[in-house]
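Participant: Take this structure first; my questions come after.
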Amino acid sequence: MKRTLRKSMIQKRRSMELEEWKQKSHDILTRITASSLIDSKETIMIFMDFRKEVMTKPIISWLWDQGKQVVIPRVKKGSAILDLCLIESFDDMELSSMGILEPKANHDRFAAPADIDFVFMPGVAFTKDGGRLGYG
């Protein structure tokens, strides 16, 4: 069942028109900026969007404007371990071999997991109560 739902949701997202994707991403940004959810949080981890996931660059820019520290995960080559990279600018990023914007290979500012106050979690789909369907 999960496999079927995952495939269906990914196909639905991929078939979304560019303007609809932009509008839905903007709507999410508007909800985030209107919320007090992260007001008291200092260090926020967020992913870089890929294949019509929610556009995260505008969210990241807003986080910086709010004085938040932004952490972008980067997969350590040859492992499943994530480096938690503190990013101060999009200049700290480069395109990975998979076409995803990620912290540069020589990036050397990191956060400890305990330092992260809030995580924006990527997923294929979510239930209304926050249950997550991931990529597999």
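The values are calculated or read from the model by the stated rules, or taken from the named source; none is laboratory data. In this text, all values refer to a predicted model and were calculated from it rather than measured experimentally. When we count neighbours, we look across all protein chains shown, and the Cβ atoms used for this are built from the backbone with ideal geometry, even at glycine. For accessibility, only protein heavy atoms count, side chains too; no ligands or nucleic acids. Shrake-Rupley method; radii C 1.70, N 1.55, O 1.52, S 1.80 Å.
Participant: Can you report the number of residues in region 76-94 which are outside any loop (DSSP other than H, G, I, E, B) and surrounded by 10 or more Cβ atoms within 10 Å (Cβ to Cβ)? Let's see the steps before the verdict.
Facilitator: Keep residues of region 76-94 that are outside any loop (DSSP other than H, G, I, E, B), which gives 82-87, 90-94.
Among the residues that remain, those that are also surrounded by 10 or more Cβ atoms within 10 Å (Cβ to Cβ) are: 82-87, 90, 92-94.
Looking only at that region, the number is 10.
Participant: Looking at (1) open to solvent by less than 70 Å² (accessible area, probe 1.4 Å); (2) modelled with pLDDT under 80; (3) closer than 27 Å to residue 94 by Cα; (4) of a type in the set (S, T, N, Q), which is the one condition that is false for residue 25?
Facilitator: With respect to (1) open to solvent by less than 70 Å² (accessible area, probe 1.4 Å); (2) modelled with pLDDT under 80; (3) closer than 27 Å to residue 94 by Cα; (4) of a type in the set (S, T, N, Q), residue 25 is out only on (2).
Participant: So if I check each of 75, 54, which one is touching a helix residue (DSSP H, G or I) at 6+ places or on another chain (Cβ under 6 Å), closer than 27 Å to residue 117 by Cα and modelled with pLDDT under 95?
Facilitator: Numbers: 75 fails: touching a helix residue (DSSP H, G or I) at 6+ places or on another chain (Cβ under 6 Å).
Step by step, each of 75, 54 is checked, and only 54 is touching a helix residue (DSSP H, G or I) at 6+ places or on another chain (Cβ under 6 Å), closer than 27 Å to residue 117 by Cα and modelled with pLDDT under 95.
Participant: Looking only at region 95-123, how many residues end up being part of a loop (DSSP other than H, G, I, E, B), open to solvent by less than 40 Å² (accessible area, probe 1.4 Å), within 14 Å of residue 48 (Cα to Cα) and in contact with a strand residue (DSSP E or B) (Cβ under 6 Å, 6 or more places away or on another chain)?
Facilitator: Number satisfying all stated conditions: 2.
Participant: If you don't mind, there's one more thing I want to ask. Run down 95, 101, 63 and say which single residue is in contact with a Lys or Arg (Cβ under 9 Å, 6 or more places away or on another chain) and either under 27 Å from residue 13 (Cβ atoms) or without any contact (Cβ under 8 Å) to a residue 60 or more places away in the chain (or both). Step through it out loud before you land on a result.
Facilitator: Working: 95 fails: in contact with a Lys or Arg (Cβ under 9 Å, 6 or more places away or on another chain); 63 fails: in contact with a Lys or Arg (Cβ under 9 Å, 6 or more places away or on another chain).
Of 95, 101, 63, the one residue that is in contact with a Lys or Arg (Cβ under 9 Å, 6 or more places away or on another chain) and either under 27 Å from residue 13 (Cβ atoms) or without any contact (Cβ under 8 Å) to a residue 60 or more places away in the chain (or both) is 101.
Participant: Restricting attention to region 42-59, does a residue exist that is in contact (Cβ under 8 Å) with a residue 12 or more places away in the chain, farther than 26 Å from residue 23 by Cα and open to solvent by 40 Å² or more (accessible area, probe 1.4 Å)?
Facilitator: yes
Participant: Okay, moving on. When residue 4 is evaluated against the numbered criteria (1) open to solvent by 70 Å² or more (accessible area, probe 1.4 Å); (2) under 17 Å from residue 121 (Cα atoms); (3) at pLDDT below 85, which criterion, by number, is the only one it fails?
Facilitator: (2)
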